[in-house]
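The values are calculated or read from the model by the stated rules, or taken from the named source; none is laboratory data. Here the structure is a predicted model, which means the values were calculated and not measured. FYI the Cβ positions are ideal-geometry reconstructions off the backbone, even for glycines, and counts take in every protein chain you see.
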Amino acid sequence: MKASLKEELIKARNGKYAVPAFNFDNLEMMKGIIEAAEEEKSPVILMVTESAAKYMGLDYVFSFAMTATQNASVPVVLHWDHGFDIELIKRAVDAGFSSVMLDSSLKPLDENVKETLEIVKYARSKGVDVESEIGHVGGKEDDRNSASNGYTDINEALEFEKQTQIDALAIAIGTSHGLFKGEIKLQFDLLKELNEKIKTPLVLHGSSQVPLEDLQKAISLGITKINIGTDLKIACAQGIKDWFEKNPGGYDARKYGRTGVDFVKVEAKKKIQAFGSNNRA
């Protein structure tokens, strides 16, 4: 069933858990995510990035993602993740997404505010929630590489919240998109202070490979949504590799694809349980 991002994150904040937000790049990943959420009776955020949507085809993504969302037995927030193209974000709004994210985090604050307000105005007119980012989570996101990993400035976050009135705020406290190349060291003191001063539900991006105990501590300090992409990609690829190792002459996409689904489901269920969202649907 289709759900509201804002409503699910407020429930998570009150219940002291986080809603898992999973990226999908193909049908197998999407099926694994939905099956995991249903088996764990967990709300879930089903996300697609611009590059993934372009790879699969926008119309295909809009069609089968909406079908999966509407047919699921648990609350599903269909979310357009890390949007850079404002026109594509608006297309996602028009297609029926629950929420959209504009990522102008590398731009000066005034430009970030201006562009975010444009999306907020358009999305709110159609009942769609909006997420945006203050500070910049570095690494690789949607085929864009960035060495920047600037922590969120509290004063900028407060000003951004005041001016935009967004529904979810992604913050930078030491995570990174893609595979980590150095030590993972989250800034928990910064998170604690942000949570004390920011009323908007807080979101953590770039969380693949972060130790589960660190993510659980982040949840205890106010994180309500945790984005996971790379860990599911690795799981899907490993499942398919394992199938071909056992079936070197195999070729049936339905069979190796199903193994990919199963591996994604196992990884997704691990995150759901760690985030405490199981049995919250």
Q: Sort out for me the helices (runs of 4 or more DSSP H) sitting completely within region 12-116 that have 2 or more residues that are among the polar types (S, T, N, Q), surrounded by fewer than 22 Cβ atoms within 10 Å (Cβ to Cβ) and under 13 Å from the mean Cα position of the chain (by Cα).
A: none
Q) Among the residues of region 219-271, which ones are closer than 30 Å to ALA172 by Cα, hydroxyl-bearing (Ser, Thr, Tyr) and more than 16 Å from the chain's Cα centre (by Cα)? A) SER220
Q) Does ALA274 satisfy the criteria of being within 27 Å of GLU131 (Cβ to Cβ) and part of a helix (DSSP H, G or I)? A) yes
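Scan SER104, SER63, SER51 and give me the residue that is among the hydroxyl-bearing types (Ser, Thr, Tyr) and in contact with a helix residue (DSSP H, G or I) (Cβ under 8 Å, 6 or more places away or on another chain). Explain how you work it out, then say what you get.
Numbers: SER63 fails: in contact with a helix residue (DSSP H, G or I) (Cβ under 8 Å, 6 or more places away or on another chain); SER51 fails: in contact with a helix residue (DSSP H, G or I) (Cβ under 8 Å, 6 or more places away or on another chain).
Step by step, each of SER104, SER63, SER51 is checked, and only SER104 is among the hydroxyl-bearing types (Ser, Thr, Tyr) and in contact with a helix residue (DSSP H, G or I) (Cβ under 8 Å, 6 or more places away or on another chain).
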Q. Given GLU115, GLU87, GLU156, GLU161, which one is out of contact with any Leu (no Cβ under 7 Å at 6 or more places or on another chain) and either at pLDDT 95 or above or acidic (Asp, Glu) (or both)?
A. GLU87
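Inside region 217-239, can you point out the residues that are touching a Gly at 6+ places or on another chain (Cβ under 9 Å) and either surrounded by fewer than 16 Cβ atoms within 10 Å (Cβ to Cβ) or within 12 Å of ALA21 (Cβ to Cβ) (or both)?
The initial filter retains those residues of region 217-239 that are touching a Gly at 6+ places or on another chain (Cβ under 9 Å), namely 219, 227, 229-230, 232, 235-239.
Residues satisfying the conditions are ASN227, GLY229, LEU232, ALA237, GLN238.
Rundown of residues vs (1) of a type in the set (Ser, Thr, Tyr); (2) touching a strand residue (DSSP E or B) at 6+ places or on another chain (Cβ under 8 Å), yes/no style:
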site: GLU156; (1), (2): no, yes
site: LEU169; (1), (2): no, yes
site: LEU186; (1), (2): no, no
site: THR224; (1), (2): yes, yes
site: CYS236; (1), (2): no, no
site: TYR251; (1), (2): yes, no
site: ARG254; (1), (2): no, no
Q. Do you know which of the residues in region 183-228 that are under 15 Å from GLU133 (Cβ atoms) and assigned to a loop (DSSP other than H, G, I, E, B) is modelled with the lowest pLDDT?
A. GLY206
